[in-house]
Amino acid sequence: MTKGNIYIRICTILFGLLVAFSSYADQKIRSKDKSLSPYFMILTNEGEVASLPLKSTQVDVDISGVIADVNVKQVYTNTGKTTIEAIYVFPASTRAAVYDMLMQVDDRQIRAKIEEKKKARKMYDQAKREGRTSSLLEQERTNVFKMKVANILPGATVEVDMSYTELLVPTDKVYEFVYPTVVGPRYVNRDERGNKAAEEWTNNPFLEEGVKATSTLDINVGLSTGVPIKEIRCETHKNKLSYLSKSQANLKLNEPEGGNRDFIMQYRLAGHAIESGILTYSEPNGDNYFLAMMQPPQRPLAKEIPAREYVFIIDISGSMNGFPLDISKQIMRKLLGQLDEKDLFNIVLFAGGSETFAEKSMPVNEENIFKALTFIDHQHGWGGTELLQALNTAMSLNGSENYSRSFVILTDGYVSVEKETYDYIRKHLGNANFFSFGIGSSVNRGIIEGMAHVGYGEPFIAVNKAEGSELADKFIKYVSNPVLTNITYDFKGIEAYDVLPKHIPDLFAERPLIITGKYKGKAKGSLSIKGLFGNTAFASELSINKTPSSKEKALRYLWAREKIRLLADYHDLDRNDEAKQEIIGLSKQYNLLTEFTSFIAIDSVVSNKGGEQMSIKQATPLPKGVSNMAVGGGGAPLSSQPGVYPPPPALKVANVMNIIDNDESIDEELEIMDSEADMVEYGEVVVVEEEEEEDEEQIIFVVEVMPEFPGGTDALLKYLAQNVKYPEEARKMKIQGRVYVGFVVDINGDIIDVRIQRGVHSLLDAEALRVIKAMPKWKPGQQRGKPVRVNYTIPINFYLNS
């Protein structure tokens with residue numbers, strides 16, 4: 001090895017250490033809350049796969065009429081040699097009323113009971129220390145749950161059954177049952193990381209993109225409608241469908257699989273029939289419940305509507321990279337093409353920061369649409385997900401007089417600021433209506449539906465490109481012509497009370513009006529509903545004359561679930577103790593899981609004396625279509641080794657510190673470091689090819705000759721100094737910071753796979769990307785005399801003098 005090569009390599013190493021030191025300092029600042037970020041679990045051998053305790057999830061669904069009753073059986077098995085605690089984060093429907101949990105250990109069944117969350121945790125921790133098998137089910141969000149099972153002995157199997165019910169409300173005469181299978185990675189911003197009260201469930205391990213799930217999922221749906229079924233379809237999963245009669249059917253998966261996307265089953269009834277009428281239930285020596293469903297009129301004919309201003313708020317964060325962002329772009333092309341010439345529009349893009357298309361909303365014409373589409377098409381998913389900042393940016397744009405303003409939010413919802421977002425929308429309802437588009441195969445339906453609920457708008461969810469196009473058409477139709485407005489209701493001849501909801505917002509979609517409550521005496525009387533159908537008065541009446549059924553027990557849970565939802569109303573209840581206590585009271589009375597209560601089951605048998613055990617967080621697959629960029633956007637780790645961009649196929653990572661060697665030959669075997677702290681402290685990583693040898697462990701070699709910018713390190717620094725231009729707009733806004741750009745030097749010296757590893761603001765990030773992409777060919781790196789691809793990171797500083 002020549003002295004010149006050694007000098008260049010030492011310069012390269014020092015340059016890498018500079019990157020590492022900056023990363024290290026930033027990590028140290030965040031070290032106390034780093035655990036709040038999701039991370040990758042890298043599976044290196046069968047032993048690690050075996051140590052993941054969740055083995056299977058069986059979902060049995062019974063749909064009778066408009067009510068779905070769902071049983072979820074999770075099977076945990078300890079195939080290791082030490083006692084373990086299993087921790088598993090999983091999703092459920094946003095409308096789920098979870099009313100029962102049962103744990104089975106050997107031949108013993110223990111039915112869980114509802115307790116306040118803090119008390120339940122203390123009971124669980126105590127049982128864990130005592131060596132008793134126990135399970136704890138907590139609600140982290142309306143659609144996110146966490147199961148903990150303690151003291152699973154080596155070779156033992158523990159089954160946990162969870163039961164919930166939900167109401168299926170058709171939209172445009174289509175019924176839909178959704179079973180979410182995976183919780184997507186949640187972006188946690190710096191403010192949340194510093195909050196000790198922040199939930200630790202966001203520190204959830206994921207398997208890398210393309211890695212098969214380590215547990216299986218099976219789903220079986222039984223459908224009984226009472227009315228002939230016209231059509232059943234499930235396009236999300238391969239399935240077997242069998243009809244038992246004209247109004248009964250069964251649908252099941254072809255075979256168990258790893259859950260990485262929502263299971264969606266849709267069906268229509270013959271003659272486009274919609275369940276309409278009154279269901280009643282009478283508790284023995286208890287309350288009487290009713291649920292009324294009234295089909296609204298069909299959408300009114302087109303009429304003169306006021307000019308509208310649309311502000312499209314588009315998520316371009318790391319989790320939107322690829323397939324989700326492609327759908328967003330497709331939806332925007334369709335939406336912009338259908339706006340009326342008298343409308344105005346603007347666009348706000350957001351990831352770790354926000355960027356606007358124009359200072360003020362622009363008229364809808366061919367020139368502005370072309371500019372807008374160009375603005376959108378140049379985007380690629382990267383960075384964090386600062387949704388609140390984006391909403392604030394959009395709200396700060398001056399509205400136009402005499403225009404009806406609508407905010408349209410396109411995102412996968414992978415954030416943990418649901419409550420803060422709902423509060424923000426509530427406080428600004430007078431300024432705009434809010435519509436939300438969920439983009440992806442396993443979106444956070446909680447926040448997508450929640451934003452529309454509190455914003456008196458409508459949620460749309462597109463799991464593929466075909467649906468994206470359909471939903472764009474629906475949105476224009478909905479927002480242009482609401483079905484029913486100014487809705488009121490009244491009861492006659494029946495003493496109804498605790499009726500929900502008290503106020504019904506404008507109805508955009510063609511779906512039944514749902515009113516639920518309690519009544520005294522006999523179920524005899526009528527319910528009348530009035531409103532505006534276009535410019536015409538609307539009135540309809542439902543007769544109530546029905547003998548209460550003892551089979552509709554779900555009505556009590558559905559009423560209580562709706563009561564709890566409206567009490568919470570997506571607000572921060574930590575500052576409203578009265579409402580919080582009412583929710584806890586309802587939870588205990590109706591045996592329902594809530595944000596403030598949990599299900600706890602404790603075995604009476606002590607199986608693990610001393611209570612010592614290892615806690616294992618169950619790793620889940622990334623949602624289908626979501627790339628590795630979703631884990632670590634905005635500075636969080638991209639893998640179990642912080643700062644490492646996911647390497648291309650057939651490549652491995654090694655530590656650059658090991659390049660320094662006194663021998664000219666550096667073909668020595670290295671171990672990939674397991675410690676997160678080691679990888680951060682010891683610096684930049686490089687990517688090298690993998691040596692494959694049959695029947696032997698694969699050996700990882702350090703790059704012998706590092707890639708080189710034409711002219712060496714000095715020339716690289718000179719190139720950056722001459723070509724990096726401080727964006728004028730960023731200068732005016734006093735935006736500054738260090739942008740880390742990662743890229744791969746290909747075997748022919750080309751610069752490929754250029755991406756932001758840690759960004760500051762879209763303006764600075766875009767300039768950094770431009771400069772790196774414009775670099776000339778490098779001299780490629782070498783291993784054993786052959787060129788290899790090498791992963792490289794360069795920090796680009798943007799700092800103002802004053």
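The values are calculated or read from the model by the stated rules, or taken from the named source; none is laboratory data. None of these values were measured; they are calculated from a predicted model. Positions of Cβ are backbone-derived with ideal geometry, glycine not excepted, and every protein chain shown enters the neighbour counts.
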Taking region 688-732 and the residues there that are at pLDDT 85 or above and hydroxyl-bearing (Ser, Thr, Tyr), the one that is surrounded by the fewest Cβ atoms within 10 Å (Cβ to Cβ) would be TYR726
So the helices (runs of 4 or more DSSP H) completely within region 418-489 holding 1 or more residues that are surrounded by fewer than 22 Cβ atoms within 10 Å (Cβ to Cβ), over 15 Å from the mean Cα position of the chain (by Cα) and aromatic (Phe, Trp, Tyr) are 418-427, 465-480
Condition test on ASN285, is it free of Cβ contacts under 8 Å to residues at least 24 places away in the same chain, assigned to a loop (DSSP other than H, G, I, E, B), more than 24 Å from the chain's Cα centre (by Cα) and surrounded by fewer than 21 Cβ atoms within 10 Å (Cβ to Cβ)?
-> yes
Checked region 92-127 for anything under 20 Å from GLU612 (Cα atoms) and either crowded, with 22+ Cβ neighbours inside 10 Å or in the same structural domain as GLY585 (by TED's automatic domain parsing) (or both); matches are VAL105, TYR124, ALA127
Within region 748-773, restricting to residues that are in contact with a helix residue (DSSP H, G or I) (Cβ under 7 Å, 6 or more places away or on another chain) and among the hydrophobic types (A, V, I, L, M, F, W, C), the one that is farthest from GLY711 (Cα to Cα) is LEU763
Given the conditions (1) buried (at least 18 other Cβ atoms within 10 Å of the Cβ); (2) in contact with a strand residue (DSSP E or B) (Cβ under 7 Å, 6 or more places away or on another chain); (3) not aliphatic (A, V, I, L, M), every one holds for PHE508 apart from (2)
All-but-one check, THR393 against (1) crowded, with 21+ Cβ neighbours inside 10 Å; (2) in contact with a strand residue (DSSP E or B) (Cβ under 6 Å, 6 or more places away or on another chain), failing number (1)
Conditions (1) at pLDDT 90 or above; (2) crowded, with 17+ Cβ neighbours inside 10 Å; (3) among the acidic types (Asp, Glu) -> ASP498 fails only (2)
For region 124-145, indicate whether the set of residues that are out of contact with any Lys or Arg (no Cβ under 6 Å at 6 or more places or on another chain) and at positive phi is non-empty. no
In the set LYS240, LYS146, the lone residue that is over 18 Å from ILE264 (Cα atoms) and without any contact (Cβ under 8 Å) to a residue 60 or more places away in the chain is LYS146
Worksheet item: Would region 186-206 turn up any residue that is in a loop (DSSP other than H, G, I, E, B) and at pLDDT 90 or above?
Response: no
Only one of (1) in contact with a Pro (Cβ under 9 Å, 6 or more places away or on another chain); (2) free of Cβ contacts under 8 Å to residues at least 60 places away in the same chain does not apply to ILE152, and that is (2)
Given the criteria without any contact (Cβ under 8 Å) to a residue 60 or more places away in the chain, surrounded by 15 or more Cβ atoms within 10 Å (Cβ to Cβ) and within 29 Å of the chain's Cα centre (by Cα), does LYS580 qualify? yes
